[in-house]
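Below: the structure, in structure tokens.
Derivation of every value follows stated rules applied to the coordinates shown; laboratory data play no part. Everything numeric here is computed off the predicted structure, so don't read it as measured data. Neighbour counts run over all protein chains shown; Cβ positions are idealised from the backbone, glycine included.
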């Protein structure tokens, strides 16, 4: 599978629950590889669908892509094994400037 830009960038967005559209794909590609055409982006996204990485939603201009089931499962497995977020205040041992 050869795509114009690094597919990990688009897959990351999709895995995080974002919608991937042709226009946003082209915007990222423009900033990384120079401008690409709408047709090239459509072909690249189609290849990622064929590879089972993305799922198409909608038709024509309203089409967007989301992570395929396997990508979602991988993300959920990673989140499940990670340590919970540490929300403690790293500066709690220092006096607040307004506490005089």
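Each residue in 40, 88 was given a count of other beta-carbon atoms within 10 angstrom of its own, and listing them fewest first yields 88, 40. Once the Cα-Cα distance is subtracted from the 0.36 nm per residue extended length, the residue 60 to residue 92 segment shows a gain of 6.2 nm. Under the simplified labelling scheme, the residue 83-residue 18 pair shows an inter-label distance of 2.8 nm, with each label point 7 Å from Cα along Cα→Cβ.
Take the Cα of residue 70, step 7 Å toward its Cβ, do the same at residue 35, and the gap between the two points is 3.6 nm. Mean sequence separation of contacting Cα pairs (under 8 Å, at least six apart), scaled by the length of the range 7-80, corresponds to a relative contact order of 33 percent.
Ordering 63, 82 from the fewest to the most neighbouring beta carbons within 10 Å gives 82, 63.
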